[in-house]
1. Against the condition of a type in the set (A, V, I, L, M, F, W, C) and at pLDDT 85 or above, how does Ile57 come out, does it pass?
2. Are any of the residues in segment 23-30 modelled with pLDDT under 90 and among the polar types (S, T, N, Q)?
3. Tally up the residues in segment 69-93 that are within 15 Å of the chain's Cα centre (by Cα), under 13 Å from Val32 (Cα atoms) and touching a residue at least 24 places away in the same chain (Cβ under 8 Å), please.
4. Every residue in segment 19-68 that is in a loop (DSSP other than H, G, I, E, B), open to solvent by 50 Å² or more (accessible area, probe 1.4 Å) and either touching a residue at least 24 places away in the same chain (Cβ under 8 Å) or on the phi < 0 side of the Ramachandran plot (or both), please.
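The values are calculated or read from the model by the stated rules, or taken from the named source; none is laboratory data. All of these numbers come straight from a predicted model, not from anything done at the bench. Ideal geometry is used to build each Cβ from the backbone, glycine not excepted, and the neighbour counts take in all protein chains shown. Accessible surface areas use protein heavy atoms only, side chains included; no ligands, DNA or RNA. Shrake-Rupley method; radii C 1.70, N 1.55, O 1.52, S 1.80 Å.
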Amino acid sequence: MSVSQRQLKLIKEAAELLVMEHRLTSEEAVLVISTAIKKELSIRNTNFEKLETGSKIERTSFTRNVVKSVQDALESNPYWRSHNLDKSIDNFYRVLHRHWD
């Protein structure tokens with residue numbers, strides 16, 4: 001999977017948010033996010049280029065599923081869990097969603 005500059009910026013900004021609000025290292029945050037993205041792309045049998053030209057509904061659904069996967073990963077690791085998880089996930093969703101508009 002090749003990554004465009006826009007996609008790389010999206011992943012970096014989202015990873016920074018996880019690092020700030022949880023106890024993840026930069027590498028862990030990128031791994032959690034990229035794993036969630038790869039999983040969702042595989043499930044949908046698509047790629048970023050198709051998503052970018054697809055409908056806003058498709059992009060929103062994709063983003064929500066990626067965010068849910070990241071949330072599940074954070075919840076499954078007690079070291080990463082935070083008392084502000086709901087707020088953090090909401091902010092994470094906004095970061096990802098903003099890049100699709």
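1. So Ile57 fits the description; yes.
2. Scanning segment 23-30 turns up no residue that is modelled with pLDDT under 90 and among the polar types (S, T, N, Q).
3. 5
4. Arg23, Thr25, Asn47, Ser55
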